Amino acid sequence: MDFTLSADQLELKQSAHTWLADRFPLDRDWDAQDDRWRELDELGWLDVAEAGLGFVEEALLLEEMGYVCYPGFYLGHVASVPGDGDVATVDPSRRFNQVEETPRFRAAAAAEALGVAQRALDLGIEHAKTRTQFGKPIGTYQAVSHPLAQSYTDVELARSLVYWAAWCVAENDDRATLAAAAAKAFATEAAVAACERSIQVHGGIGFTWEHPLHRFYKRALWLEGFGARPAELRLEVAYALLA
């Protein structure tokens, strides 16, 4: 079974990456909740079926939204999660919601977490290449390079699980429940860990409010805790494998 993205899917992913990067840069006003919802509608992202696309394509969009820490709730639109509630969460851009634990929701949350993890890794790599100590880039030191290598491994494993889960949901495959549980468990934990490692790599600046990393960290924590947590999901996976 070939899970390689098609040319059209790669083009969609790249165009979404460019569009989102232009409108949600790292130096934006993070307190301005400008979700560009009307523009998403004009792009056709709110009704991909009308464009002949499916859940795999929605997962790719969610991945790119995670990469910019998109302030809106596209996840709720894709996964049919009720609208924003009144209770604040660890992520100021996300309120408490009720959720139906469907494979679609879990795969969608995993896709957004994948994007968060990838951005945290990229920020860590960029800093490790440009920040110098004792005349050398800090990335030459094992205390920096090894955690980044672990994040890279985690991100690529998460990507495989996320794309598999998205395909299973799109095709109504019998393994959709198993795949989505595995993807959300691994991808959300990978996102949290990638953010934590990147914060450590950045040193003092990584722990400050001025650096955007803490925004991605909060999004990762929100995704990890929204719905069933990783330990609960692994229990479901174990039961499915052993029952």
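Check region 144-155 and report whether any residue there is touching a helix residue (DSSP H, G or I) at 6+ places or on another chain (Cβ under 7 Å) and under 18 Å from residue 58 (Cβ atoms). No - not one qualifying residue is present in region 144-155. Checking the stated criteria, residue 128 turns out not to satisfy the condition of being under 12 Å from the mean Cα position of the chain (by Cα) and not in a loop (DSSP other than H, G, I, E, B).
Residue 3 passes every criterion in (1) touching a helix residue (DSSP H, G or I) at 6+ places or on another chain (Cβ under 6 Å); (2) at pLDDT 90 or above apart from (2). Scanning region 114-149 for residues that are farther than 18 Å from residue 203 by Cα and of a type outside the set (Gly, Ala, Ser) returns 114, 116, 118. Exactly one residue out of 102, 153, 89, 140 is exposed (fewer than 15 other Cβ atoms within 10 Å of the Cβ), more than 17 Å from the chain's Cα centre (by Cα) and of a type in the set (Val, Ile, Thr): that is 140.
For residue 131, indicate whether it is out of contact with any Gly (no Cβ under 6 Å at 6 or more places or on another chain), surrounded by 15 or more Cβ atoms within 10 Å (Cβ to Cβ), at pLDDT 95 or above and not aromatic (Phe, Trp, Tyr). For residue 131, the condition - out of contact with any Gly (no Cβ under 6 Å at 6 or more places or on another chain), surrounded by 15 or more Cβ atoms within 10 Å (Cβ to Cβ), at pLDDT 95 or above and not aromatic (Phe, Trp, Tyr) - is not met.
The values are calculated or read from the model by the stated rules, or taken from the named source; none is laboratory data. In this text, all values refer to a predicted model and were calculated from it rather than measured experimentally. Here the Cβ is made from the backbone with ideal geometry for all residues, glycine too, and neighbour counts use every protein chain on show.
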